[in-house]
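Chemist: Next up is a structure, given as structure tokens.
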Amino acid sequence: MSWRRYLWAMTAPSETAAESPAQRRRLARPRRALVVRALVVVALVLTAFVSFRWGSADTPKALPSASPSPSASGDPTNAQIYAALAPSVVTIESLNDTNTVYATGTGVVANAAGAILTAFHVVNGAKSIRVIFADGTPSKADLAASDPSMDIAALTPATLPTVLVPAVLGNSGRLAIGDSVLAVGNQLGLTRSATAGVISGLDRTATEPGGVKLTGLIQFDAAVNPGSSGGPLVNHKGETIGIVVALANPTAAGTFVGVGFAVPIGAAVSAGSGERGPEQ
């Protein structure tokens with residue numbers, strides 16, 4: 001007999017002859033006890049079923065949530081990527097004969113010696129160069145190497161901050177259209193800005209205002225503007241995979257319309273080491 005039929009049998013009216021009130025009271029007590037025991041059994045069965053279906057009471061299964069969940073890969077969030085990268089990003093100022101700043105851009109600390117990668121056009125023609133590290137430390141910098149054909153320059157600062165944090169460099173040979181990216185820079189004078197997007201093209205060509213044709217570029221749609229040049233383009237793991245050098249604009253405004261370009265980090269490091277083109 002199933003437990004359901006057992007409960008019915010314990011609670012169904014008797015078909016025997018009428019009983020006296022005293023007899024009914026004596027019979028009711030064991031019947032109530034049996035009913036209670038049966039209900040306990042039912043509760044235990046249901047508890048066992050729930051524990052098997054959802055986990056034990058000590059480890060309840062998470063309920064569905066509308067908030068985003070961490071990805072299975074455990075990749076950091078954009079906020080975490082920015083926080084890790086920010087100490088490696090520097091502001092670059094190009095000064096003229098009168099020691100006046102005439103151009104600003106962005107750079108990134110690329111190694112433990114403090115070498116800074118940036119866009120060549122940011123420092124081209126400067127009489128002197130000043131860099132400002134993330135902690136506020138200012139320093140004069142020398143142009144150590146450059147490759148105008150790649151629009152890449154490497155700077156050597158005279159003074160380093162107390163704590164130097166080089167960026168983690170990634171593999172720019174493993175990029176794919178649709179990969180998430182973050183661009184960090186000083187666009188439009190808004191220092192330490194971060195914008196997010198995706199890689200929207202590979203092996204692109206762009207021509208700078210000076211007429212220099214740049215090839216083999218990463219195309220992306222994270223917003224960049226004047227002042228972003230020389231800043232790092234970072235992948236979903238927080239690795240620097242490119243140096244921002246240009247943006248596409250069908251007008252003379254020179255502002256972002258959805259297409260930016262970066263030199264892949266492998267080519268940028270080679271250019272910054274002086275292996276490509278003459279040192280300027």
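Chemist: State the number of residues belonging to the range 242-256 that are within 16 Å of A183 (Cα to Cα) and either modelled with pLDDT of 90 or more or of a type outside the set (V, I, T) (or both). Break it down into steps so the answer makes sense when it comes.
Modeler: Narrowing the range 242-256 to residues within 16 Å of A183 (Cα to Cα): 242-248, 255-256.
The next check asks that each one be either modelled with pLDDT of 90 or more or of a type outside the set (V, I, T) (or both); those that pass are 242-248, 256.
Qualifying residue count for the region: 8.
Chemist: Limited to the range 103-134, what total is found for residues that are open to solvent by 60 Å² or more (accessible area, probe 1.4 Å) and among the hydrophobic types (A, V, I, L, M, F, W, C)?
Modeler: 2
Chemist: Could you count how many residues in the range 79-96 are in a helix (DSSP H, G or I) and open to solvent by less than 60 Å² (accessible area, probe 1.4 Å)?
Modeler: Within the range 79-96, residues that are in a helix (DSSP H, G or I) and open to solvent by less than 60 Å² (accessible area, probe 1.4 Å) number 6.
Chemist: Also: With the checklist (1) part of a loop (DSSP other than H, G, I, E, B); (2) touching an Asp or Glu at 6+ places or on another chain (Cβ under 8 Å) in hand, flag the one item I129 doesn't pass.
Modeler: Going through the list (1) part of a loop (DSSP other than H, G, I, E, B); (2) touching an Asp or Glu at 6+ places or on another chain (Cβ under 8 Å), I129 breaks only (1).
Chemist: Still on this structure, please answer the following. Of these, T100, T137, which one is open to solvent by 60 Å² or more (accessible area, probe 1.4 Å), among the polar types (S, T, N, Q) and farther than 18 Å from A262 by Cα? Step through it out loud before you land on a result.
Modeler: Numbers: T137 fails: open to solvent by 60 Å² or more (accessible area, probe 1.4 Å).
None of the others qualify; the one that does is T100.
Chemist: Now for a different question. Scan the range 140-159 for residues that are open to solvent by less than 40 Å² (accessible area, probe 1.4 Å) and of a type in the set (D, E) and report the count.
Modeler: 2
Chemist: Would you confirm whether any residue within the range 112-122 is touching a helix residue (DSSP H, G or I) at 6+ places or on another chain (Cβ under 8 Å), under 25 Å from A271 (Cα atoms) and modelled with pLDDT of 95 or more?
Modeler: Looking for residues that are touching a helix residue (DSSP H, G or I) at 6+ places or on another chain (Cβ under 8 Å), under 25 Å from A271 (Cα atoms) and modelled with pLDDT of 95 or more, one finds at least one in the range 112-122, hence yes.
Chemist: Something else now. List, please: which pairs have Cβ atoms under 8 Å, are six or more places apart or on different chains, and start with a residue in the range 186-208 that is without any contact (Cβ under 8 Å) to a residue 12 or more places away in the chain and end with one that is part of a strand (DSSP E or B) and open to solvent by 40 Å² or more (accessible area, probe 1.4 Å)?
Modeler: Short answer, once both residue conditions are applied: T207/K213.
Chemist: Between residues in the range 115-142 that are among the aromatic types (F, W, Y) and residues that are part of a loop (DSSP other than H, G, I, E, B), which pairs lie under 8 Å by C-beta distance while being six or more apart or on different chains?
Modeler: Pairs found: F120/P148; F120/M150; F120/D151; F120/Q280; F133/L160; F133/P161.
Chemist: Could you grab me the full set of residues in the range 168-193 that are of a type in the set (A, V, I, L, M, F, W, C) and touching an Asp or Glu at 6+ places or on another chain (Cβ under 8 Å)?
Modeler: V168, L169
Chemist: Taking the condition in a helix (DSSP H, G or I), open to solvent by 30 Å² or more (accessible area, probe 1.4 Å), modelled with pLDDT of 80 or more and over 20 Å from P226 (Cα atoms), does P76 pass?
Modeler: Details: in a helix (DSSP H, G or I): no; open to solvent by 30 Å² or more (accessible area, probe 1.4 Å): yes; modelled with pLDDT of 80 or more: yes; over 20 Å from P226 (Cα atoms): yes.
No, not satisfied.
The values are calculated or read from the model by the stated rules, or taken from the named source; none is laboratory data. The model shown is predicted, which means the values in this text are computed figures rather than measured ones. In this analysis, Cβ positions are derived from the backbone assuming ideal geometry, glycine residues included, and neighbour counts consider all displayed protein chains. For accessibility, only protein heavy atoms count, side chains too; no ligands or nucleic acids. Shrake-Rupley method; radii C 1.70, N 1.55, O 1.52, S 1.80 Å.
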